[in-house]
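J.: Sending over a structure as structure tokens; questions will come in a sec.
Bear in mind that the values in this text are calculations on the coordinates, not laboratory data. Being a predicted model, the structure only gives us computed values, none of them experimental. Neighbour counts run over all protein chains shown; Cβ positions are idealised from the backbone, glycine included.
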Amino acid sequence: MAAKVEIYTWATCPFCMRAKSLLKTKNVDFIEYSIDGDNDARAKMAQRANGKRSLPQIFINDAHIGGCDDIHTLERQGNLDKLLVS
């Protein structure tokens, strides 16, 4: 069973584009929440992300993974695939 992957983004955010590109390269289906200019949505995201307000914020199976650097670190360490199949 594939993992549930969620990503909070802004349309013009280069870090969001990089994170989504990695997921697309791995053929991962994900739910994208584009929160451009929506302060209420950003506040809800921050609540889920332990106060983090930077974008993107990524969740796998409801666990907070972090942002773009975090998901790329998981990939380099060989740990991302393990999370994506759970």
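J.: For Cα extents along the principal axes in Å, one of [x] 60, 23, 15; [y] 35, 33, 21; [z] 34, 23, 20 was computed from the structure I shared and the rest are decoys. Which label?
T.: So the structure-derived entry is [z].
J.: May I pose another question? Around Lys82, what is the net charge, scoring Lys/Arg as +1 and Asp/Glu as -1 over all other residues with Cβ under 14 Å from its Cβ? Present the calculation step by step, with values, prior to reporting the outcome.
T.: Values: positive: Lys26, Arg76; negative: Glu75, Asp81.
Overall, the nearby charge balance is 0.
J.: Follow-up. Which Cys in the chain stand alone, with every other cysteine's Cβ at 4.7 Å or more from theirs?
T.: Among the cysteines of the chain, those whose Cβ sits 4.7 Å or more from every other are Cys68.
J.: Pulled fully out, how much extra length does the chain show between Lys52 and Glu32, if you take 0.36 nm times their separation in residues and subtract their Cα-Cα distance?
T.: Working: separation 20, 0.36 × 20 = 7.20 nm, distance 1.73 nm.
So the chain would gain 5.5 nm between Lys52 and Glu32.
J.: Aspartates and glutamates near Lys20 by alpha-carbon distance under 17 Å, same-chain residues fewer than 8 away left out - which ones?
T.: Leaving aside aspartates and glutamates fewer than 8 places away in the same chain, those within reach of Lys20 are Glu6, Asp29, Glu32, Asp36, Asp69, Asp70, Glu75, Asp81.
J.: For every helix of n ≥ 4 consecutive DSSP H residues, a contribution of -39,500 (n - 2.57) applies; sum these over the chain, divide by its total residues, and give [θ] at 222 nm rounded to the nearest 500 deg cm²/dmol.
T.: Working: 4 runs with 36 residues, N = 86.
Taken over the chain, the calculation gives -12000 deg cm²/dmol.
J.: Considering amide H positions built from the backbone, and no H for Pro or chain starts, which residues 5 or more places from Ile65, or on another chain, come under 5 Å of its amide H?
T.: For Ile65, whose amide H was placed from the backbone, the distant partners under 5 Å are Ile58, Phe59, Ile60.
J.: How high is the relative contact order of the chain, given as a whole-number percent (alpha carbon pairs under 8 Å, six or more residues apart)? List each step's numbers first, then the result.
T.: Numbers: 123 pairs, mean separation 33.7, N = 86.
In percent, rounded to a whole number, it is 39.
J.: Quick one: net charge around Leu55, please, counting Lys, Arg +1 and Asp, Glu -1 for every other residue with C-beta under 14 Å from its C-beta. Mind showing how you got there, number by number?
T.: Numbers: positive: Arg18, Lys20, Arg42, Lys44, Arg48, Lys52, Arg53; negative: Glu6, Glu32, Asp36, Asp38, Asp69, Asp70.
That works out to +1.
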